[in-house]
Amino acid sequence: MIKGLCARYSEFEDVPLMKQAGAEMLRVAFPYENSRPSQPDEWKEFDQFIEACETFGMPIMPCLTTDTNGQCKPNTISKRKIFAGYAERFATRYQLKRYEIWNEPNGGPFVINEPGTKVKTSSLVMVLRDLEQGLRKADPGCKIITGGLMPKGSIRPIEFFQQLYRAGDGIRSCFDGVGLHPYGSTPADSVDRTREVRNTLNALRDVHTPLWLTEFGWGDKAGTPTAADPGEHVLGEDALAAAVLRTIRAYRRLSGPKQLNVAGLFLYRWKDELSGVQSWPDHAGIVKLNGEHKPSYEAFQVA
C-alpha cells in the first residue's frame with residue numbers, strides 16, 4: 001500500500017519536504033479551467049510542480065477535476081468533450097501513468113449534474129466513457145481511477161458503486177481502480193466505511209479492482225458548525241496525530257488483495273490553508289502555514 005499526501009500544485013517548492021515527511025506519492029488536483037487551451041503557456045500553472053516531482057523522484061496521483069467552486073462541470077455533451085480533450089492533452093504532456101477522474105462526484109460542490117437536478121451516477125459514467133479511449137491512447141498502459149467518493153453524499157458510496165457497475169455497455173473497462181474518501185470520526189469508523197465498499201464490490205463479483213483512498217483525515221480546529229461540517233472531523237493536535245498513526249497502520253494490516261485490497265492511502269493534507277471559509281479542512285495540514293511541524297507530521301512520518 002502506498003502512503004501518500006494530498007497537496008496543491010502551488011506547493012512545488014515543498015516537494016522535497018513532503019518526501020522527507022514520508023510521502024510516497026502526492027495526490028494533487030489539476031483543475032482543467034486552470035489550463036489555457038491553445039495558448040503558449042497552457043501548462044504554466046502545472047509545469048513547476050510536476051517538474052519538481054520529477055526532480056525528487058516523487059510519483060503523482062493527478063486528480064483531473066474542476067476548481068473548488070465547481071464552476072466548470074462536464075454536464076453536457078459539449079462540456080464533456082472539452083474535459084475529455086483536456087484529459088488527453090494532460091496525459092500526452094505529462095505521462096503520469098495514473099489518473100483520478102473527478103473528485104467527490106456523489107455530493108458537495110463537485111457533483112457533475114446540472115444545478116437543481118438529482119445527483120446521478122450516470123453523470124460520471126458518461127464522463128468515463130467519453131475520456132477513457134483518448135486517455136489510454138495518450139498514455140498507453142495508464143490506470144484510470146474513479147473520483148473519490150465522499151462518505152455522506154447525496155448518493156451513498158455503496159449505492160453509487162452498485163449503479164456504476166450495473167451501467168452496462170463495457171463500463172468496467174473504463175476504469176482500473178475505484179476512489180473513496182473514507183473520512184470518519186475515528187480510525188475504526190474510517191476502516192468500517194472502506195470495508196462496506198469492499199464488500200459491495202465483492203458482491204458485484206469484483207474482488208480484483210483495488211481501492212484508492214485518495215483522502216482521509218481530520219482538522220485540529222473547527223469553523224462554524226454546519227449541516228455539511230458538523231465538527232465531527234475535528235480533533236486536538238495530539239489526538240489527531242494518534243488517529244493518523246492508528247489509521248495508516250490499520251490500513252497497512254488490512255490492505256492485502258484478499259482483505260480490503262487498498263492500493264493507496266492519502267492523508268489530507270500537507271499544509272494548512274487560509275481559504276476564507278475556515279472550516280476544518282483549512283486546519284488539516286501536518287505542517288502549519290509557517291512550516292512548523294505539527295504532532296501529526298511525526299505520526300505520518302513513522303506510520
| query | Among the residues of region 11-28, is there at least one that is modelled with pLDDT under 95, surrounded by fewer than 19 Cβ atoms within 10 Å (Cβ to Cβ) and over 20 Å from Leu265 (Cα atoms)? | reply | no
| task | For region 230-255, name all the residues that are in a loop (DSSP other than H, G, I, E, B) and modelled with pLDDT of 95 or more. | result | Ser255
| said: Ala188 - would you say it is at pLDDT below 95 and either surrounded by fewer than 22 Cβ atoms within 10 Å (Cβ to Cβ) or in a strand (DSSP E or B) (or both)? | reply: no
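One line per residue, one yes/no per condition, for (1) β-branched (Val, Ile, Thr); (2) in contact with a Pro (Cβ under 7 Å, 6 or more places away or on another chain); (3) closer than 21 Å to Phe161 by Cβ; (4) surrounded by fewer than 24 Cβ atoms within 10 Å (Cβ to Cβ):
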{"residue": "Lys81", "(1), (2), (3), (4)": "no, no, no, yes"}
{"residue": "Gly85", "(1), (2), (3), (4)": "no, no, no, yes"}
{"residue": "Arg89", "(1), (2), (3), (4)": "no, no, no, yes"}
{"residue": "Tyr94", "(1), (2), (3), (4)": "no, no, no, yes"}
{"residue": "Pro105", "(1), (2), (3), (4)": "no, no, yes, no"}
{"residue": "Gly108", "(1), (2), (3), (4)": "no, no, yes, yes"}
{"residue": "Leu124", "(1), (2), (3), (4)": "no, yes, yes, no"}
{"residue": "Val127", "(1), (2), (3), (4)": "yes, yes, yes, no"}
| query | If a residue has to be modelled with pLDDT of 85 or more, under 19 Å from Ser122 (Cα atoms) and not hydrophobic (A, V, I, L, M, F, W, C) to count, how many in region 55-73 make the cut? | reply | 1
| remark: Filtering region 1-19 down to residues that are free of Cβ contacts under 8 Å to residues at least 40 places away in the same chain and acidic (Asp, Glu) yields Glu13
| query | Can you find a residue in region 268-278 that is of a type in the set (D, E, K, R), assigned to a loop (DSSP other than H, G, I, E, B) and out of contact with any helix residue (DSSP H, G or I) (no Cβ under 9 Å at 6 or more places or on another chain)? | reply | no
| said: The conditions are (1) at pLDDT below 95; (2) not charged (D, E, K, R); (3) not in a loop (DSSP other than H, G, I, E, B), and Gly264 fails exactly one of them. Which is it? | reply: (1)
| Scope region 279-303; condition surrounded by 19 or more Cβ atoms within 10 Å (Cβ to Cβ), in a helix (DSSP H, G or I) and among the polar types (S, T, N, Q); matching residues | Ser296
| note | Restricted to region 81-137 and to residues being modelled with pLDDT of 95 or more and of a type in the set (Ser, Thr, Tyr), the residue nearest to Glu45 (Cα to Cα) is Tyr94
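Which residue is nearest to Thr209 (Cα to Cα), if the candidates are limited to region 137-158 and must be out of contact with any helix residue (DSSP H, G or I) (no Cβ under 8 Å at 6 or more places or on another chain) and surrounded by fewer than 18 Cβ atoms within 10 Å (Cβ to Cβ)?
Taking region 137-158 as the starting set, the residues that turn out to be out of contact with any helix residue (DSSP H, G or I) (no Cβ under 8 Å at 6 or more places or on another chain) are 140-141, 143, 145, 148, 152, 154, 156.
Subset that is surrounded by fewer than 18 Cβ atoms within 10 Å (Cβ to Cβ): 140-141, 152, 154.
Working: Pro140: 19, Gly141: 16, Lys152: 23, Ser154: 24 Å.
Taking the candidates together, the pick is Gly141.
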| field | Failed criterion for Gly217 (all others in (1) under 16 Å from the mean Cα position of the chain (by Cα); (2) of a type outside the set (Val, Ile, Thr); (3) more than 17 Å from Ala299 (Cβ to Cβ) hold) | value | (3)
| Is it fair to say Leu131 is farther than 30 Å from Ser185 by Cα and surrounded by 21 or more Cβ atoms within 10 Å (Cβ to Cβ)? | yes
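Can Asp272 be described as touching a Leu at 6+ places or on another chain (Cβ under 8 Å), farther than 30 Å from Asp176 by Cβ, surrounded by 14 or more Cβ atoms within 10 Å (Cβ to Cβ) and in contact (Cβ under 8 Å) with a residue 40 or more places away in the chain? Outline the logic, then answer.
Working: touching a Leu at 6+ places or on another chain (Cβ under 8 Å): yes; farther than 30 Å from Asp176 by Cβ: yes; surrounded by 14 or more Cβ atoms within 10 Å (Cβ to Cβ): yes; in contact (Cβ under 8 Å) with a residue 40 or more places away in the chain: no.
Against the criterion (touching a Leu at 6+ places or on another chain (Cβ under 8 Å), farther than 30 Å from Asp176 by Cβ, surrounded by 14 or more Cβ atoms within 10 Å (Cβ to Cβ) and in contact (Cβ under 8 Å) with a residue 40 or more places away in the chain), Asp272 does not qualify.
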| field | Output for region 161-210, where each listed residue is in contact with a strand residue (DSSP E or B) (Cβ under 6 Å, 6 or more places away or on another chain) and among the hydrophobic types (A, V, I, L, M, F, W, C) | value | Phe175, Val178, Leu180, Val197
| note | Going through region 169-200 in order, the residues found to be free of Cβ contacts under 8 Å to residues at least 60 places away in the same chain and under 22 Å from Cys142 (Cα atoms) are Asp169, Gly170, Ile171, Arg172, Ser173, Cys174, Asp176, Val178, Leu180
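The values are calculated or read from the model by the stated rules, or taken from the named source; none is laboratory data. Owing to the predicted nature of the structure, the values given are computational and were not obtained by experimental measurement. Using ideal geometry, Cβ is built from the backbone for each residue, glycine included, and neighbour counts are taken over all protein chains shown.
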